[in-house]
Structures are given as structure tokens and as C-alpha cells.
Amino acid sequence: CVDSDELSDSIRDLLLINPKNIAVRNIISEKLKDVKEKILLQQTRDEQQGVTKFDDNYVEPNTDRTTHNLIVDLNKYFHLNKSTKNHSELVSLKTRFDDLINYNTNDYQLFYHYSRILKLLSDKTGELNYLNRSLKISSNSPRIKNAIAKHHFYNGDYEKAVIIFEELIGIGYDDINLSCGKFSFSLVKLYFLCLLYLSKYDEILLKTEN
């Protein structure tokens, strides 16, 4: 036991003394510092801009640092001008999400944000699959349900979309006091467009008479 302890101490001393290991530790330490600063900066911006759980770019509090960093990078990509968006950068983000998803199948955020990438890549089947996987983990999330409804809407499946929109309105998310202005406006607008495209004119008149 004493020999074992002495060996452990020796290994530890070598790790501390070896300049290469010191250099590696310094690099890792700097990278971790950079990631922390980037996350804190983004959190400050989100607070200033009033980002809520209803927004696509929202990140849950206490999210794993690696996951948080990746979502921040994805959100930055979404905010780029169309002319400056690089397809290879999107593919790189997809690969990074693939790697994390392989090791973490319990974080709904990974599936949700991965679906945003698949949407950009026009993978409609994959997008809906990962939205549903995300919903299985976070079954009450309004933004996931809304994303699924919008997927159906923009793919012309108004019957499926209107059911989800009605559910969200029934909960009260059409009220900006329970959601937010942008979410509420989009929800009501798409709901009534569904009714219009489904030729449910009487229902539209009934719901708008007041």
C-alpha cells in the first residue's frame, strides 16, 4: 500500500513538473476560460434582449457547459447574414451535435437544436423525428410543440398543425402575459391561417366575433 501511494505521488509529481503537461494544462485552462466568458457574454445579451423559454435560441439555466457552448455557436450561425453563412460551418456544427448526442440522449435541448440544423439542411423527416424525440423528454415545452406545429403548417399538413395550435391556445399561450409577444402573435396568426386553409370560415367568424 505504501509502495502504491509512493508511485501515485511520483506520477503526480511528474505531471506537475513535466513542461509538456504544464503547457497542455495551460491550453485547456485557457480554452475553458474562453468558453466560460463566451457563455456569460451570451447570457447577458439574452437577458438584455428578453430571451425567454419560448424563443428558439433560449438555453436552459444550469445547462452543461459543453452543450451550452455549442448552442451559443449555433445561435451565432443563425444570426449571420445569409450572404455570410457558410455551409461547411453548418456541417461542422452538425458533426459537433452528432458527437454530443452519441454520449447524451437525455438532454432535450440537444435534440431540439439539432432539429434546427436539419431544417436548414432541408431534412424534413429528420427534423420532425428529432423534434418528437425532444418532446418525449420535455413533454410540456411550448416551443417544441410550436416547432412541431409549424413544421406541419409549412409542409401543408394543416389538420395536424391546427390541433397543436389549438392545444397551445387552450393552455393560454395566445396571451402575451403567459408567453411573449412574438410567440403569441405567431401562434394566433398561424392558427387562423390553418382554419382559413381548411375552409373553416364559420369557426373563424365565431372565434373573432369578440
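The values are calculated or read from the model by the stated rules, or taken from the named source; none is laboratory data. Small disclaimer: the values here were computed from a predicted structure and weren't measured. Every residue, glycine among them, receives a Cβ derived from its backbone with ideal geometry; neighbour counts consider all protein chains shown. With ligands, DNA and RNA removed, areas are computed over all heavy atoms of the protein, side chains included. Shrake-Rupley method; radii C 1.70, N 1.55, O 1.52, S 1.80 Å.
Considering only residues that are out of contact with any helix residue (DSSP H, G or I) (no Cβ under 9 Å at 6 or more places or on another chain) and among the charged types (D, E, K, R), look in the stretch 158-210 and name the one that is least open to solvent (accessible area, probe 1.4 Å).
Lys189
Do you know which residues across the stretch 148-186 are of a type in the set (A, V, I, L, M, F, W, C) and farther than 23 Å from Asn129 by Cβ? Write out each step before concluding.
Of the residues in the stretch 148-186, the ones of a type in the set (A, V, I, L, M, F, W, C) are 148-149, 153, 161-165, 168-169, 171, 176, 178, 180, 183, 185.
Listed by number, the residues that qualify are Ile169, Ile171, Ile176, Leu178, Cys180, Phe183, Phe185.
Pick from Ser115, Ser141: which is within 30 Å of Ser88 (Cα to Cα) and hydroxyl-bearing (Ser, Thr, Tyr)?
That would be Ser115, the only listed residue that is within 30 Å of Ser88 (Cα to Cα) and hydroxyl-bearing (Ser, Thr, Tyr).
Consider the stretch 60-75. How many of its residues are modelled with pLDDT of 90 or more and open to solvent by 20 Å² or more (accessible area, probe 1.4 Å)?
The total comes to 1.
Here are the criteria: (1) at positive phi; (2) touching a residue at least 24 places away in the same chain (Cβ under 8 Å). Tell me which single one Ala161 does not satisfy.
The failed condition is (1).
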